[in-house]
Amino acid sequence: MAALRQLGGQHGEDVAVWKFMAAGKRRAQCTIQEQDSSETVQEQWQVLVKLVQDPHSALLYHLENHYCLVFAARSWHLNAGYSGCKQVRQVLVAKPGQKPCAWVSFDSLRQTLLSWQGYALMAANWRQHTLLLPSSGKQDQANADICVA
């Protein structure tokens, strides 16, 4: 995170960088836990989507032996037959390499973050355009949404 701040400073930009989402007792805007309710997971998703939609922000995903940008987020409802409707939530990442090429489910992203406390989603925002995000509270969800950073 310090490297991102330093890089911004070298280019005359004041960049805010913070740990956005992580597991355990680590300080993060969204702390995830294995036992999070479906409502809590939905709130976490909504905050992630808000950041992806913000043109002055970027998300950096630290996963297994790799860092990559989060390029987009999408969600839709899928007819799951007798079990009803299932919400599909995905983020577009560069896994492997550095080009956006893989849609990763939000559930899979959460499981990766939960698997080791060193994994995290970090956020960067140009301070003159800081987006204030709620850390909790219910938000409306449309049937489908796609947003691209």
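The values are calculated or read from the model by the stated rules, or taken from the named source; none is laboratory data. Keep in mind the model is a prediction, meaning the values are calculated, not measured. Just the protein is used for accessible areas: all its heavy atoms, side chains included, with ligands, DNA and RNA removed. Shrake-Rupley method; radii C 1.70, N 1.55, O 1.52, S 1.80 Å.
Assorted remarks:
- Probe 1.4 Å - accessible area at residue 89, Å² to nearest ten: 40 Å²
- Accessible area in the full protein assembly, largest first, 1.4 Å probe, for 99, 19: 99, 19
- Bridgeable aspartates and glutamates around residue 86 (alpha carbons under 20 Å apart, same-chain partners fewer than 8 residues away excluded): 34, 36, 39, 43, 107, 140, 145.
- Contact order relative to length of the range 1-94, as percent, for alpha carbon pairs under 8 angstrom and 6 or more apart: 13 percent
- Accessible area (Å², 1.4 Å probe, nearest 10) - residue 101: 80 Å²
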